[in-house]
Number of protein chains: 2
Amino acid sequence: MDDIVKKIVVLGSTGSIGRQTLDIVRAFPGRFEVVGLGNGFNTPLFKRQIDEFKPVFISTMGEIEAGYGGAKQAPFEDIVALPEVDLVVAGTVGCAGMLPTLAALNAGKTVALANKEVIVMAGPLLLAAAEAHGATILTVDSEPSAIWQCLEGEVSKPSRLIITASGGAFRDRTWGSLRDVTPEEALKHPTWDMGDKITIDSATLMNKAFEVIESRWLFDIPFDRIDVTIHRQSIVHSMVEFADGSLKAQLGPTNMGQVIQYAMFYPERQANSDLPRLNAVSMGSLTFEAMDRTLYPCFELGLEYGQKSGTYPAVLAGADEAAVSLFLQREIRFTDIPDLVSDTLAAHRPVVNTTIGDTVDASRWATENTLARHSKSTILS
Amino acid sequence: MDDIVKKIVVLGSTGSIGRQTLDIVRAFPGRFEVVGLGNGFNTPLFKRQIDEFKPVFISTMGEIEAGYGGAKQAPFEDIVALPEVDLVVAGTVGCAGMLPTLAALNAGKTVALANKEVIVMAGPLLLAAAEAHGATILTVDSEPSAIWQCLEGEVSKPSRLIITASGGAFRDRTWGSLRDVTPEEALKHPTWDMGDKITIDSATLMNKAFEVIESRWLFDIPFDRIDVTIHRQSIVHSMVEFADGSLKAQLGPTNMGQVIQYAMFYPERQANSDLPRLNAVSMGSLTFEAMDRTLYPCFELGLEYGQKSGTYPAVLAGADEAAVSLFLQREIRFTDIPDLVSDTLAAHRPVVNTTIGDTVDASRWATENTLARHSKSTILS
């Protein structure tokens, strides 16, 4: 069993998930071969990764000289579909990951998907593509991964999913008091170390709405059977309830490495001394509190529009991406995020009988519309 | 799937596990057919069960008129081996359950085993019998059941089992302060409603040692990879840790019905509105504290002798059964239990290359020796 070498492509290789994926590759010599790397704009780090992992193919949104490190440059969509690829790790962020993810699924690949926005945008369409081409989506998101682990081996469908929420950076403050928080404050997550976009989404709890939507599609369970509980310690990553009243929970340290590694080795489990471990024997107190949904406007908005059919979920994702980016650039206040997203959703004319192309168009429209309305309001004000 | 009728034999039908098993049979008309019932000495209830469930065969340690309810009387060992039997629920208590359990395994049956003492006495021998005859042991013990549920679908062996312990009736008292506790006090379990023997074993924590031993055999994991944690709420019934640092826990209400039902329907899960449910969304605080093993002499004794090969584990079980019985009859003090068990273990001359017959003989010897030494010491004192 130890001799199988998985040939992998890592998209978003210089991001938080990408770097941790390559840490795992490093920790298990002979178990993974990096066939392709895809990157955004962090060219210096990307070059170092090329030097170290010697991928055959690379793709980048930045600029890199032809033939650097002996790698061939090719579009993201082509690299993920190479015949020799066993696993695509989609560590991309936001709507940009949609077309590479779709290409990998259309090529019948196993996709370890950290880029949850694409499932929010087009869950049913991606699942249909996976089914049509014998592809598999493995979640790399700690809460859905917990649910996945709890469902392994169960023949009966779950009766309820209980997603845990740390509550994010501002869990002890009311929404009204957050008007003047800075990006630096919002980026201080109480329990998880993650990329910027997801950390801001965690602070607004939009991320928790996204996890509900992601779980709804990945585990084929109605929205009204997914609950969220405030669990401040982030040790229980989520729970599943079964018809007979039994529940299973997955627990672990607050470290994405374990979540990534589970998808990379699935169904095997491998010891990795680089990763922190939990001392479950004396872990003290774990708390679970019902969540007051009315306290979190982004969560409400996310759940409302994430459940709609057509292009609304894509607009939700695209508008949120723009709003978070504006906040990180100090262009808007933290508390403007839901208002901006809400206004874009209100302006949207939804497309029914949606295709993936429609969702990409809708999310781009939403991003542009959100940015444009902000500039306009800034000029006017 | 709903049409399969399981033909079952319930041993110990008038005991706590037996009665709850029949409650589940009642709750699912058309899913179970009671082919046989086995009973100890509670004849009035046994007769009512015969009237209601109309078993073809019965076996009792009490007296019942020939042909009562149209049922044929036969030895326990014969009833469990009937060709039509799909599932034997061993709701018996103590060493008496050994030979019927062995007979069921030798006949290739699936045995839902609540009678943990038989696994303590002869775990490796019973597993060998099961393997030789294609039989299956399904645990009906909440902590091992939790571990079983957490291991379902996992291809890699667990790296550690974490068994939870409520701490029993006297968890907030020191051993030294328990000299004068009454059977009534010891029978007040803080979280579980169970039979008398197991409730006293829970108060001494001998039961927790038995669960460690049971888990060691059922899940084929070394003793030094089984931990116990004090979890006062009894909501997390146990946990499993994997090589990658991920843990799974099984949670539920403190109700044996769910544990019994899981084994009866396995691998299916069925809704049963008779059983209590847990509200996991707002369950408040769950605590996990390292256990100070030196506080519990029965736990230490149980672990020490339960790990030994040969007939020591059977003597442990037999001596404990006698000591608990003496305590319930107010013949000895609560704090005498470990001393009495320890003296019997010290007096034992172990048999190596043990057979099941040896374990039965050893446990009988231990029971008799424990009772006899007590009478002797009473006469002398």
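Springs between alpha-carbon pairs under 10 angstrom, Gaussian network model over chain B: which of B:GLY12, B:GLY94, B:GLY153 fluctuates most? Top of the fluctuation ranking is B:GLY153. Here region B:6-140 yields Rg over Rh of 0.95, to two decimals, using C-alpha coordinates and the Kirkwood radius. With loop membership from DSSP and a limit of 12 other Cβ atoms within 10 Å, the longest segment of chain A without GluC sites (Glu not before Pro) is A:85-381.
The fraction of accessible area contributed by carbon and sulfur in region A:6-140 is 56 percent, rounded to a whole number (1.4 Å probe; ligands and nucleic acids excluded). Taking every alpha-carbon pair under 8 Å whose residues sit at least 6 apart, region A:190-261 reaches a relative contact order of 29 percent. Global dimensions of region B:236-335 from alpha-carbon coordinates: Rg and Dmax equal 18.8, 51 Å. Across region A:283-294, rounded Karplus estimates of 3J(HN,Hα) from the backbone phi angles (6.51 cos²θ - 1.76 cosθ + 1.60, θ = phi - 60°) give 8, x, 10, 10, 10, 9, 10, 4, 9, 8, 5, 5 Hz, Gly and Pro being marked x. Annotation for region A:185-289: trypsin sites (Lys or Arg not before Pro) lying in DSSP loop with at most 16 further Cβ atoms inside 10 Å of their Cβ are A:LYS188. Counting Lys and Arg as +1 and Asp and Glu as -1 over every other residue whose Cβ lies under 13 Å from the Cβ of B:ILE79, the net charge comes to 0. When the Cα convex hull of region A:308-374 is projected onto planes of every orientation, the mean area is 3.9 nm².
Expressed per residue, the C-alpha convex hull volume of the protein assembly as shown stands at 173 Å³. The Cβ shell under 11 Å around B:LEU316 holds other residues with a net charge of -3, Lys and Arg each +1, Asp and Glu each -1.
Rolled with a 1.4 Å probe across the full set of protein chains, the surface gives B:HIS133 an accessible area near 90 Å². Over the protein assembly as shown, dividing the summed -39,500 (n - 2.57) contributions of all DSSP H runs of at least 4 residues by the number of residues returns a 222 nm mean residue ellipticity of -13500 deg cm²/dmol. Database remark: amide H of A:SER156 closer than 5 angstrom to the amide H of B:ARG269 (H placed geometrically; neighbours at sequence offset of 5 or more, or on other chains; Pro and chain starts carry no H).
Take the Cβ atoms of A:ALA372 and A:SER282, set R0 to 60 Å, and the FRET efficiency comes out at 0.65.
Kindly state, to the nearest 0.05, the FRET efficiency for A:GLU331 paired with A:TRP192, given R0 = 22 Å and r defined as their beta-carbon distance. Here the calculated transfer efficiency is 0.30.
Solvent exposure of the protein assembly as shown amounts to 38 Å² per residue of accessible area, where only protein heavy atoms count and the probe is 1.4 Å.
Between B:ASP339 and B:ASP274, what FRET efficiency follows from the Cβ-Cβ distance if R0 is 51 Å, with the result rounded to 0.05? The partial results should precede the final answer.
Details: r = 42 Å, r/R0 = 0.83.
Between B:ASP339 and B:ASP274 the formula returns 0.75.
3J(HN,Hα) along region B:197-203, derived from phi through the Karplus expression 6.51 cos²θ - 1.76 cosθ + 1.60 where θ = phi - 60°, amounts to 4, 5, 5, 5, 4, 5, 5 Hz, with x in place of Gly and Pro. So for region A:127-183, what percent of the C-alpha to C-alpha distances run longer than 19 Å? Cα-Cα pairs in region A:127-183 separated by more than 19 Å: 58 percent. How big is the gap, in Å, between the Cα center of region A:199-271 and the Cα center of region B:116-174? Taking the Cα centre of each part, region A:199-271 and region B:116-174 sit 27 Å apart. Counted over all Cα-Cα pairs of region A:9-62, pairs farther apart than 15 Å make up 36 percent.
Using a 1.4 angstrom probe on protein heavy atoms only, the contact between B and A buries about 3900 square angstrom of accessible area, both sides summed.
At 25 °C and 0.890 mPa s, what whole-number value in µm²/s does Stokes-Einstein give for the translational diffusion of chain A, with Rh from the Kirkwood sum over Cα pairs?
Once the numbers are plugged in, D ends up at 116 µm²/s.
Taking a sphere under 13 Å around the Cβ of A:PRO124 and counting the other residues whose Cβ falls inside, with K and R at +1 and D and E at -1, yields a net charge of -2.
The values are calculated or read from the model by the stated rules, or taken from the named source; none is laboratory data. In this text, all values refer to a predicted model and were calculated from it rather than measured experimentally. In this analysis, Cβ positions are derived from the backbone assuming ideal geometry, glycine residues included, and neighbour counts consider all displayed protein chains. For the accessible areas, the whole protein counts, side chains as well, though only heavy atoms, and no ligand, DNA or RNA atoms are used. Shrake-Rupley method; radii C 1.70, N 1.55, O 1.52, S 1.80 Å.
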